[in-house]
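In what follows, a single structure is set out as structure tokens and then discussed.
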Amino acid sequence: MPDVDAQKVIELGYSGNERLVMNMGPQHPSAHGVFRMILTLEGETIVAVDAVIGYLHRCHEKLGETLTYVQYPSIASKTDYVAAMTSELAYVLAAEKIGGIEVPRRAQYLRVLAAELQRIASHCLWLGTWCMDMGGALGGGATIFLYAIREREMVLDLFEALTGARLLYGFHQVGGTRYDLPAAWAERCRSAVDFIDTRIDEYEEMLEDNAFFLARTREVGVISRELAQEVGVSGPLIRGSGIGYDIRRLEPYSSYQEFDFKVPVETTGDCLARYRVRMVEFRESIKIVRQALDGLPAGSISSRPGVKSVGQVRIPKGEGYARVEGPRGEVGCYMIADGSPKPYRMKWRGASFSNLAVLPHIIPGHKVADVVAITGSVDPVFGEVDR
Amino acid sequence: MTTALAVRDFVAAFVLLNAVIAVVTYVTLLERKFAARMQSRIGPYRVGPHGLLQPIADALKLMMKEDVVPATSDRWVFNLAPLVFLIPCVLIFATIPFAPGLGLADLNIGVLFFLAVSALEIVGLFMAGWGSNNKYALLSAMRAVNQIISYDLPFIFAALIPVVLGGTLRLGGIVEAQRGLWFVAYPLLGQLGFLAYLVAMIAAENRVPFDILEAESELVAGFRVEYSGMKFALIQLAEYAHVIGTSYLGALLFLGGWLGPGPAWLGLIWLSLKALAVFLLVTWVRWSFVRIRVDQILGISWKLLLPATLSLLLVAAAVVAYSGGARGA
């Protein structure tokens, strides 16, 4: 049922026409997982939207209390399964912050490398699925999707060589990283990002010279600067609304201060602005990957010796919050440690969860077709929304 | 004598109908292969050499599927809709001359018949959308009526340009009028007219980027969301038959029909190649554009396409008037 606010919108916007309540999701071709929107329509125009989440809740925060610091990073990757490196990193950063654990510089660079490759892979999937939302699985959208998936595959191959896994990595651990680069990996990575760099030009050519694409994205789903701040969106959404908010710049972690990159900002706040921000981020991530490969320091990849059992890493009493800039925005982990091998309490701040909260504010007034375009431009991953 | 004629016509219609179904079946394979090429894939490859038996496997699969009729649907309307949709889409082939003298009936009002019959498909679409008693289907039926009304007018006006230039409504006559110079080669008028015809054709056939009826990312599958098995196959068949039919019409009206080098019996091949070119052009558009919104679709029709085709038609009439009569008259 629509909540009270939605009901109010319906009554205010009611102009005597027949209204239709339509259910979009949780099983729907463009639900991006399991997202349910209850739309109230007047003809094709949406007057109210009620967003229902929670279909993918897996008790991640409770799991965080029952698993040790050694075990949980591999589970953390399951929150945002499209960009698994991100939440792993947030978790280990929080533990390291409380314990005051130093991370060797090589490990820091490896973390940056993984994070940026992950951003490329995640944006590839976003571009593909978003275009598929707008263009249909039986149309031009599917073409872009298949192109983008081809490039994501290259990054996943790199991750497979690095960690042995393609989706959920378990690459980060408290005190450093679990794996070092295999032989010849750096050259492979370099040629892969060079190739992806040329492909991004192709996407831009195919989309930005396309009047239909512009018609579908320009002035659609405008998030104003004020609304963005009020709701607390982050990542490409807030940067598309004119605020250059990027954790990598504001509160550098894993030696991000040593890298030279640009934080793209667009002012219009519509779907096109979010698209442009992400397209620049593609290129900036490639730049950072190259810098990380060039400047990769020698040395150890972990500040602590290997453990014989999962309970051997203990974090002293204390609490702390660590945040990282994921592909979808600010991913935060708040942790309370009590000196045992497990955290006493852990809380996730999922970027998609906060970003999704903006939908009921911007969707009313648009047409049905815009709903999928707007939802796609927010780029939610429901593992991260529901956790 | 009349019985013999009736039997001959019946046999001819039977042969044509089955030829259409066979062609449509294989055109789906062609489209899938073409799309796969564009998307750097291989496409169907497993059933038969190079996937050549894939359409037959698909048809068999659809025949064996359970035929689901939703409990709350309007049974009569729901069950009739695929047939009502299919009949006009196949009937349009009756008037197409595939070569001089080769065709079911080269009516003296051929173009008019074609346009009138192909506009009837909306009845089937709306019945499917309404009878399903499904919100997605209903919304899709609503869009269908909007779109067909908006796009049939520019489609008709674009198709009338060659009629005015040729001075006849008979498709065979229009083709003969293009001997020497195809209508698409007329400076500016021909190219713009053909372009308008293509756009209106894509929209009237509800293909991407104008496929807001099906719009599987919003309306799941639109009016056909509740259909399964053979009824779904009939709808699919009708859509492709319509696309092929309008491709043939485009080839006849603008691309000189069966005219081409070589002996006269090559006419069928020339016409089919030209229709294939039109079809592939439409397919190319389909697999490279994103879908546009319903209000934008209506905007394009009423604000751009309709005035444009109407003025092109007037220009064509002026050309005919000042050059001393139509070529075919």
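Rule-based calculations on the coordinates, nothing more; no lab input. This one's a predicted model, so the numbers in the text were calculated from it and none came from an experiment. A quick note on method: Cβ atoms are made from the backbone with ideal geometry, for glycine too, and the neighbour counts reach across all protein chains shown.
Listed values, structure above:
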{"read-out": "Computed helical MRE - 222 nm, the protein assembly as shown, DSSP H runs ≥ 4 contributing -39500 (n - 2.57), nearest 500", "value": "-18000 deg cm²/dmol"}
{"read-out": "Spacing of the two label points (7 Å from each Cα toward its C-beta) at residue B:315 and residue B:80, in nm", "value": "4.5 nm"}
{"read-out": "Chymotrypsin sites (Phe, Trp or Tyr not before Pro) restricted to DSSP loop in segment A:114-193 with at most 11 other C-beta within 10 Å", "value": "none"}
{"read-out": "Value of Rg to Rh for chain B (Rh from inverse mean 1/r over Cα pairs, i.e. Kirkwood)", "value": "0.97"}
{"read-out": "Cut-off 19 Å (backbone N to label point 7 Å along Cα→Cβ of residue A:304), residues of segment A:162-192", "value": "A:170-180"}
{"read-out": "Semi-axis lengths (Å, descending) of the ellipsoid that matches the C-alpha gyration tensor of segment A:27-122", "value": "36, 17, 11"}
{"read-out": "Lysines with Cα under 19 Å of residue A:287, excluding same-chain neighbours fewer than 8 positions away", "value": "A:262"}
{"read-out": "Rg over Rh, two decimals, segment B:87-169 (C-alpha only, Kirkwood Rh)", "value": "1.09"}
{"read-out": "Partner chain coverage, peptide B:293-299 - average Cβ within 10 angstrom", "value": "4"}
{"read-out": "Residue order, fewest to most beta carbons within 10 Å, for A:123, A:172, A:28, A:361", "value": "A:361, A:28, A:123, A:172"}
{"read-out": "Residue B:112-residue A:21 pseudo-label distance in nm [points 7 Å out on the Cα-to-Cβ vector]", "value": "5.2 nm"}
{"read-out": "For segment B:23-59 and segment A:47-92, distance of Cα centres in Å", "value": "41 Å"}
{"read-out": "Net +/- balance of residues flanking residue B:31 in space, Cβ distance below 12 Å, scoring K and R +1, D and E -1", "value": "+4"}
{"read-out": "Highest average packing first - A:106-117, B:308-319, Cβ atoms within 10 Å", "value": "A:106-117, B:308-319"}
{"read-out": "Gain in span if fully extended, residue A:209 to residue A:312, counting 0.36 nm per residue against the direct Cα distance", "value": "31.4 nm"}
{"read-out": "Candidates B:178, B:147, B:296, ranked by Gaussian network fluctuation over chain B, Cα under 10 Å, top entry", "value": "B:296"}
{"read-out": "Positive minus negative residues near residue A:190 (Lys, Arg vs Asp, Glu; Cβ under 12 Å)", "value": "-2"}
{"read-out": "Environment charge of residue B:88, counting only residues whose C-beta is closer than 14 Å and scoring Lys/Arg +1, Asp/Glu -1", "value": "-4"}
{"read-out": "Segment B:1-74: trypsin sites (Lys or Arg not before Pro) falling in loop per DSSP and having at most 10 other Cβ within 10 Å", "value": "B:46"}
{"read-out": "FRET E, pair residue A:184, residue B:230, Förster distance 45 Å, beta-carbon r, rounded to 0.05", "value": "0.20"}
{"read-out": "Residue A:201/residue A:296 FRET efficiency (R0 30 Å; Cβ-Cβ; nearest 0.05)", "value": "0.65"}
{"read-out": "For q = 0.11 Å⁻¹, Debye-computed log10 I/I(0) when each Cα of the protein assembly as shown counts as one equal scatterer", "value": "-1.14"}
{"read-out": "Separation of the residue A:338 and residue B:52 label points, Cα + 7 Å toward Cβ, nm", "value": "7.3 nm"}
{"read-out": "Semi-axes of the equivalent ellipsoid for chain A, Cα gyration tensor, largest first, Å", "value": "37, 25, 17"}
{"read-out": "Cβ-based exposure ranking for A:224, B:150, B:272, A:87, in which fewest neighbours within 10 Å come first", "value": "A:224, B:272, B:150, A:87"}
{"read-out": "Chain A: most fluctuating residue of A:186, A:211, A:373 per GNM, C-alpha cutoff 10 Å", "value": "A:211"}
{"read-out": "Sparse-neighbourhood loop sites, trypsin sites (Lys or Arg not before Pro) in segment A:287-353 - DSSP loop, at most 13 other Cβ within 10 angstrom", "value": "A:308, A:317"}
{"read-out": "Mean-position separation - Cα centroids, segment A:237-275 and segment B:204-270, in angstrom", "value": "47 Å"}
{"read-out": "Members of A:367/B:231; B:65/B:274; A:62/A:367 lying beyond 32 Å, as alpha-carbon distances in this model show", "value": "B:65/B:274; A:62/A:367"}
